[in-house]
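Values in this text are rule-based calculations from the coordinates and carry no lab data. Nothing here was measured: the structure is a model prediction, and the numbers come from that model. Neighbour counts run over all protein chains shown; Cβ positions are idealised from the backbone, glycine included.
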Amino acid sequence: MEALKNLQKKFPDSNPETLKLWLSSVNYEQRAVDDHSASKNIPVLYCDNPQVLADVDFKGEAENPKSPLNVKLGRILRLLPEELKSEIDREYSLTAYPVNDNPQLVRFYQERDRFTEALLRRQMGWVVYVCGLDHIFGDYHPNLFDRLNDLNPQRIKLNEADKL
């Protein structure tokens, strides 16, 4: 309840139902991976470069009301739950994920992809890797999918994986 009150103060024009839904889903991916890993005794490998993460000011981003993170989150939280679901469905239905129009993002992604590629190539047997759509469908090259192409990876979107 305290987190909900704090978010309502931070995003006063948010839709209350959407805010509650979003708050309940925060860190869902992490919880789902941890639960699955524990129940199946499957190891989890995290592919974020700790040195790069150390350079990102997550706290500053979160505290700055005008940061890109908060501007985007504020826009999302103003939507009705049905509108947000439609927005998510639309994002997953896209066939193109443009990144090339942002050179800074391309550099960041390519550095992250290099690091991830090195870690994934050291793994033995079957590997499932979950990442953002841009890394495997983005229009910058080489993206992560391109880098691992010789391993014949199968790429699917999470909404398709839910149907497996």
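Taking region 127-164 as the region of interest, how many residues are without any contact (Cβ under 8 Å) to a residue 60 or more places away in the chain, in contact with a Phe, Trp or Tyr (Cβ under 7 Å, 6 or more places away or on another chain), under 14 Å from TYR92 (Cβ atoms) and loosely packed, with under 14 Cβ neighbours inside 10 Å?
The total comes to 0.
Do any helices (runs of 4 or more DSSP H) lying entirely in region 45-112 carry at least 1 residues that are more than 16 Å from the chain's Cα centre (by Cα) and of a type in the set (Ser, Thr, Tyr), and which ones are they? Explain how you work it out, then say what you get.
Values: elements: 50-55, 58-63, 68-78, 81-93.
It comes to 81-93.
Return the pair list, or none, for Cβ contacts closer than 6 Å from residues in region 55-78 that are small (Gly, Ala, Ser) to residues that are in a helix (DSSP H, G or I), at least 6 apart or on different chains.
SER67/GLU61
Any residue that is among the charged types (D, E, K, R) and under 27 Å from ARG121 (Cα atoms) - is there at least one of those in region 18-27? Steps first, please.
Taking region 18-27 and keeping what is among the charged types (D, E, K, R), we get 20.
Next, only the ones that are under 27 Å from ARG121 (Cα atoms) stay: none.
No, every residue in region 18-27 fails to be among the charged types (D, E, K, R) and under 27 Å from ARG121 (Cα atoms).
Evaluate the following for GLN123: is it closer than 21 Å to HIS36 by Cβ and either loosely packed, with under 11 Cβ neighbours inside 10 Å or over 16 Å from the mean Cα position of the chain (by Cα) (or both)? Write out each step before concluding.
Numbers: closer than 21 Å to HIS36 by Cβ: yes; either loosely packed, with under 11 Cβ neighbours inside 10 Å or over 16 Å from the mean Cα position of the chain (by Cα) (or both): yes.
Spelling it out, GLN123 is indeed closer than 21 Å to HIS36 by Cβ and either loosely packed, with under 11 Cβ neighbours inside 10 Å or over 16 Å from the mean Cα position of the chain (by Cα) (or both).
If a residue has to be outside any helix (DSSP H, G or I) and either in contact with a helix residue (DSSP H, G or I) (Cβ under 8 Å, 6 or more places away or on another chain) or aromatic (Phe, Trp, Tyr) (or both) to count, how many in region 123-153 make the cut?
Result for region 123-153: 11.
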